[in-house]
Amino acid sequence: MAIAQWQELFNGKDLNGWKQLNGKARYEVKNGAIVGTTVFGEPNSFLVTEKDYGDFVLELEFKVDSTMNSGIQFRSLSTPDYMKGRVHGYQFEIDPSKRAWTGGIYDEARRDWLYQLDLNPAAQPAFKQGEWNKAKIECIGTSIRTWVNGVPAAHLIDDVTAKGFIALQVHSIGNKKMKVGK
């Protein structure tokens with residue numbers, strides 16, 4: 001069995017290798033980071049990899065506005081026959097609310113919650129408000145595991161989607177004063 005090599009998904013300079021789906025949130029590169037900004041009246045927006053991934057370990061850092069729910073899609077899809085191309089699939093939840101479900105697994109536009117973080121209360125304080133946080137997502141076969149800042153968060157066995165793209169979500173908003181960055 002060959003040992004896989006790490007592959008950079010983001011070059012730190014531009015959005016080469018990524019494309020936008022669904023809403024019209026603004027995605028740009030600032031200071032070596034991808035920043036997503038909401039646009040009033042737009043649905044959830046997704047910046048997706050142009051390649052699909054099946055078995056992988058994804059590690060990244062994120063920072064989010066304290067008022068915005070967001071997420072990292074993985075093994076996700078967008079097909080014309082499903083809700084007219086609506087992005088759907090697994091999501092690593094980013095939840096800065098008092099509920100504290102960052103690292104939980106949500107099934108975007110499909111089955112809703114698969115692993116709420118109240119199932120693992122020890123992981124709820126791992127997310128640090130207003131700081132850069134580390135996310136780790138491991139997908140091997142039907143096993144899906146997440147970590148927040150090195151703390152194990154969710155572990156799910158699920159076989160609905162074996163391969164798909166990775167995406168950054170900017171959540172829709174109902175108030176022009178709210179915006180989110182990753």
### Task
For the range 19-170, build the charge dipole from Cβ charges (+1 Lys, Arg; -1 Asp, Glu) around the Cα centre, then report which of Ala25, Ala126, Met83 sits farthest towards its positive end.
Ala25
### Query
Pick from Ile105, Ile157, Ile166: which is most flexible by mean-square fluctuation in a GNM of the chain where alpha carbon atoms under 10 Å apart are linked?
Ile157
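Restricting attention to the range 15-99, which GluC sites (Glu not before Pro) occupy a DSSP loop and are surrounded by at most 11 other Cβ atoms within 10 Å?
Values: sites: Glu28, Glu50, Glu59, Glu61, Glu93; in loops: Glu50.
Here the sparse-neighbourhood loop sites are Glu50.
If you take every residue apart from Thr146 with its C-beta less than 13 Å away from the C-beta of Thr146, what net charge results, scoring Lys and Arg +1 and Asp and Glu -1?
Working: positive: Arg75, Lys134, Lys136, Arg145; negative: Glu59, Glu93, Asp95, Glu138, Asp158.
Neighbour charge sum, excluding Thr146 itself: -1.
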### Query
If you bin the C-alpha pair distances of the range 34-113 every 5 Å from 0, what whole percents do you get?
3, 12, 22, 26, 23, 10, 4, 0
### Query
Kirkwood hydrodynamic radius (Cα pairs, Å) of the chain?
16.5
#### Entry: Length-normalised contact order for the chain - Cα pairs under 8 Å, 6+ apart - percent
28
### Query
Using unit Cβ charges (K, R positive; D, E negative) and no other charged atoms, how large, in debye to the nearest 20, is the dipole of the range 19-170 about its Cα centre?
280
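A short reminder: the numbers here are calculations on the coordinates, not readings from a lab. Bear in mind the structure is a predicted one, so any value in this text is a computation, not a measurement. Every residue, glycine among them, receives a Cβ derived from its backbone with ideal geometry; neighbour counts consider all protein chains shown.
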